[in-house]
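Asks: Starting off with a structure, shown below.
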Amino acid sequence: MGFFNRAGASEAGALGLDGDELRLLRLQGEVLIGKLAQAHMSWGLGTADRWGLDQQTGLLTWTFPDKTATAPAQILGSYNPSAGSWLWAWANASILPEMSRTAAGIREWGEARGHSAFTEPKLQIGEETAAALAAVSVSVTRATGFYRGSGRDAVPIITFGPVTLTAQDGTAQTVQIELG
């Protein structure tokens, strides 16, 4: 199954993701992620030659043959498919605190509502449940950009804001997605 498919019932239930509130937020997040992906295709999301995230500047960069795209970013967490684990950004010592503010907000949201899946630093879960955590997080934060990075061991899950497209001649334009 792909990363945006729904969580398996038994694993989701064990994590408390099967309650009405989280089920609704997960579905809303899945729809939002789909709409964001569609909207961001207008400038080329998913077709870049390479991407990178600079924690010092907080910028996510995609490089294309004819342009670069940059956006302010936040890391929600990372999923390690070989270990079957999710690590929230706020619990990852290799992520600067400035890059995990959104994830820390999700933790606070989870604490206030008693949703332990959002408050435990590391979870042993499958890909479908990792997708559910990401979808709920996107829904709760009303993110305007979502990116599933690539990595050898861990797959970073990133939200981002307005995208600045810079052509080779230096001209720039900003794309901001607002989905009501």
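Asks: Return one whole number: the accessible area per residue of the chain in Å², for a 1.4 Å probe.
Replies: 49 Å²
Asks: Still on this structure, I have one more. Ignoring ligands, DNA and RNA, what percent of the 1.4 Å accessible area of the chain is carbon and sulfur?
Replies: So the carbon and sulfur contribution to the accessible surface is 50 percent.
Asks: Further question on the same structure: For the Cα atoms of the chain, what angle does the longest principal axis make with the long axis of helix 20-40, in degrees from 0 to 90, nearest 10?
Replies: So the helix axis and the longest Cα principal axis differ by about 10 degrees.
Asks: For helix 127-141, what angle does its Cα long axis make with the longest principal axis of the chain, in degrees from 0 to 90 and rounded to 10?
Replies: Value to nearest ten degrees: 70.
Asks: Charges on Cβ only, +1 for Lys and Arg, -1 for Asp and Glu, centred on the Cα centroid of segment 60-180; of GLN173, ALA154, THR119, which one is farthest towards the dipole's positive end?
Replies: Highest projection toward the positive end goes to THR119.
Asks: Next up: About its Cα centre, what dipole magnitude does segment 45-129 give when the only charges are +1 on Lys and Arg Cβ and -1 on Asp and Glu Cβ, stated in debye to the nearest 20?
Replies: Computed charge dipole of segment 45-129: roughly 100 debye.
Asks: Could you calculate the FRET efficiency of ALA167 with ASP20 from 1/(1 + (r/R0)^6), where r is the beta carbon distance between them and R0 is 41 Å, rounded to 0.05?
Replies: 0.30
Asks: Compute the length gained on full extension between GLN176 and ASP54: take 0.36 nm times their separation in residues and subtract their Cα-Cα distance, giving the result in nm to one decimal.
Replies: 41.9 nm
Asks: Taking the inverse of the average 1/r across all pairs of different Cα atoms in segment 121-180, what Kirkwood radius in Å do you get?
Replies: 13.8 Å is the Kirkwood radius here.
Asks: Just to confirm the number: angle between the C-alpha axis of helix 101-113 and the first principal axis of the chain, 0 to 90 degrees, nearest 10?
Replies: Helix 101-113 sits at roughly 20 degrees to that axis.
Asks: Once the Cα gyration tensor of segment 43-124 is found, what semi-axes does its equivalent ellipsoid get, as square roots of 5 times the eigenvalues, in whole Å, sorted largest first?
Replies: 28, 15, 11
The values are calculated or read from the model by the stated rules, or taken from the named source; none is laboratory data. Here the structure is a predicted model, which means the values were calculated and not measured. For neighbour counting, all protein chains shown are included, and Cβ atoms are generated from backbone atoms with ideal geometry for every residue, glycine included. These area figures cover heavy atoms from the full protein model, side chains too; ligands, DNA and RNA do not enter into them. Shrake-Rupley method; radii C 1.70, N 1.55, O 1.52, S 1.80 Å.
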